[in-house]
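Presented below is the structure to which this report refers.
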Amino acid sequence: MILLILLIASALALMGALAYWSKLRHAIHEAPQLHKRFRSNDRELEIVQNDPVHADLLAQPKQTEGTVVSVIVPAYNEVENIQDCLTSILDSTVLSAEVLEVWAVDDQSTDETLAIAHALQQQRHDPRLKVLAGQPKPEGEVWVGKNWACTQAAEQASGDFLLFLDADVRLKPGAIETAIHEAQQEQIDLLSCGPAIICGCLAEWLVQPLIISTILVGFNFQAVNDPQTETAFAAGPFMFFRRSAYEKIGGHRAVAGEVVEDVELSRRVKSSGLKLRYLLGSELAAVRMYRSWNALWEGWTKNLYAGSGRNLGAMLSFIALILLVCTVPWAVLLVALVKFLWVGLSIREGLAIALSVITISLQYDVRRRSATVSQIPPRYWWLTGVGGALVGAIALGSIIKTETGWGWTWRGRSLKQI
């Protein structure tokens, strides 16, 4: 009976892995990449040499002239990130204070975030950098996450475009100019870019590649960018709004009570008949989302279930799939090998091992292919079985937290009222 279970589990895992691999390969093939147009530190375009397609970009794009951009960075207890984030923004561009303003908004931090932002402002004497001490949330109103901080800055910002960045984002040279050019050229109302993902601790290496790959599979780029579909998605770390569009949908004030506000904003953009564009932006920005297992657990359990629209069936299916494709092959291989060492190997066990090895080889190929999109190398891929178990636990924890409110927090702030 055990042998039959091992064989069936191996076969199901292989079928699931093949289906997942096929969808991911298609998603990667169709993923549109926003390429960096130019190098801002010396005003020279960074274009692939001998590329006639971009020959018209050999001068500073006229679209940036006179266009005011406001970069808004909401920050709550971001002592590890705020200085490097703001520095990367200011150093990424030579746009002057007449056309660029950078707003650092401290969202009532309990650490030294605000002091660090002020110190940087005094140190650099850069008129583009503005530091705003956020006010307490309005009494009697429900505001979660960064929505209140973003709203306060947006109301003071003067930009024709509003670029919302998370504090853990690091902009690369030319990013702002490229975003302006793309939005103007294609008449985009919301341009959202998926940045390169940086991993540091072991938990990140195990979890982040699997969740990012799943997002690639779950949110088809063609469907998101097709105005005829209802599918909408945006990456919160990098959201570039046309001001008129942001105001038309009500901005962050309209999604004050939404935990996954980026996806909700993208839905409102699309349902309003505005143009949504979701692209890969690894050449424009990089982000290290979480620096520890605790931060990773809190962050993804906050977002994962809410981001699915609280679709219980879809989330339970995801848990089953991730365990089947990632964890089961390694478990089968381990059980079969232990049994082989004790009593020898039967034909069924040999077949189960063979199927598991094939599935495991697909796991490596998935990591290798997805690295071209996420920029996460396939390091520690041989711990995919452990990663699958961790992601399954995160998904289950996200369901429980979101539905009950138990431990549903971000940076210690309760989200239970939602």
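Read the figures in this text as sums done on the coordinates, not as results from a lab. Please read these numbers as outputs of a predicted model, since none were measured by experiment. So basically every Cβ, Gly included, is an ideal-geometry build from the backbone, and we count neighbours across all protein chains shown.
Using only side-chain charges placed at the Cβ, +1 for Lys and Arg and -1 for Asp and Glu, the dipole size of the chain relative to its Cα centre rounds to 1220 debye.
Computed over the chain with a Gaussian network model linking Cα atoms closer than 10 Å, the most mobile of VAL94, VAL325, VAL373 is VAL94. In a GNM of the chain with a 10 Å cut-off on Cα contacts, which of GLY134, GLY145, GLY250 has the highest mean-square fluctuation? Comparing GLY134, GLY145, GLY250 in the GNM, the peak value goes to GLY250. P(r) tail, the range 230-274: Cα-Cα pairs separated by more than 13 Å, 49% of all pairs. A dipole drawn for the chain from +1 and -1 charges on Cβ atoms has a positive end, and of SER374, SER271, SER244 the residue lying farthest that way is SER374. Here the calculated FRET efficiency for ALA97 and LYS23, from their Cβ-Cβ distance with R0 = 45 Å, stands at 0.45, rounded to the nearest 0.05.
At 37 °C and 0.692 mPa s, what whole-number value in µm²/s does Stokes-Einstein give for the translational diffusion of the range 189-229, with Rh from the Kirkwood sum over Cα pairs? Taking Rh from Cα pairs, D becomes 271 µm²/s. If one computes the Cα centroid of the range 90-140 and of the range 354-418, what distance in Å separates the two points? First find each Cα centre; the distance between them is then 33 Å. Take the convex hull of the alpha carbons in the range 64-139; its mean projected area over all directions comes to 5.4 nm².
Panel order for ILE319, ILE400, ILE360, by other beta carbons found within 10 Å of each beta carbon, from fewest to most: ILE400, ILE319, ILE360. As an equivalent ellipsoid, the range 310-418 spans semi-axes of 34, 18, 12 angstrom, where each value is the square root of five times an eigenvalue of the C-alpha gyration tensor, largest first. Equivalent ellipsoid of the range 260-319: semi-axes from √(5λ) of the C-alpha gyration tensor, largest first, are 23, 20, 10 Å. Overall shape of the range 277-367 was characterised from the C-alpha gyration tensor. The equivalent ellipsoid obtained from it has semi-axes of 36, 17, 14 Å, in decreasing order.
Counting Lys +1, Arg +1, Asp -1, Glu -1, what net charge surrounds ASP111 among other residues with beta carbon under 13 Å of its beta carbon? So the environment of ASP111 carries a net charge of -4.
For the range 170-301, place one equal point scatterer on every Cα, skip the solvent, and apply the Debye formula. What is log10 of I(q)/I(0) at q = 0.15, 0.16, 0.18, 0.19 Å⁻¹? Once normalised to I(0) and log-transformed, intensities are -0.76, -0.86, -1.07, -1.16.
With a simple spin-label model that places each label point 7 Å from the Cα along the Cα-to-Cβ direction, the separation between ALA223 and ALA11 comes to 3.0 nm.
According to the calculation over all Cα-Cα pairs in the range 221-374, the P(r) per 10 Å bin from zero is 9, 24, 31, 18, 11, 6, 2, 0 %.
For mean projected area of the Cα convex hull in nm², the candidate list reads (i) 20.7; (ii) 22.5; (iii) 28.4; the entry that matches the value derived from this model is (ii). Packing, taken as the mean count of other beta carbons within 10 Å per residue, orders the peptides 329-342, 278-291 from highest to lowest as 278-291, 329-342. With contacts taken as Cα pairs under 8 Å at a separation of at least 6 residues, the range 260-418 carries a relative contact order of 31 percent.
Electrostatic bookkeeping for PRO138 treats Lys and Arg as +1 and Asp and Glu as -1; over the other residues with beta carbon under 14 Å from its beta carbon, the sum is -2.
Name the residue, out of TYR246, TYR380, TYR305, whose mean-square fluctuation peaks in a Gaussian network model built on the chain with Cα pairs under 10 Å. Highest fluctuation of the listed residues: TYR380.
Among CYS199, CYS150, sorting on how many other beta-carbon atoms sit within 10 Å of each Cβ, with the fewest leading, yields CYS199, CYS150.
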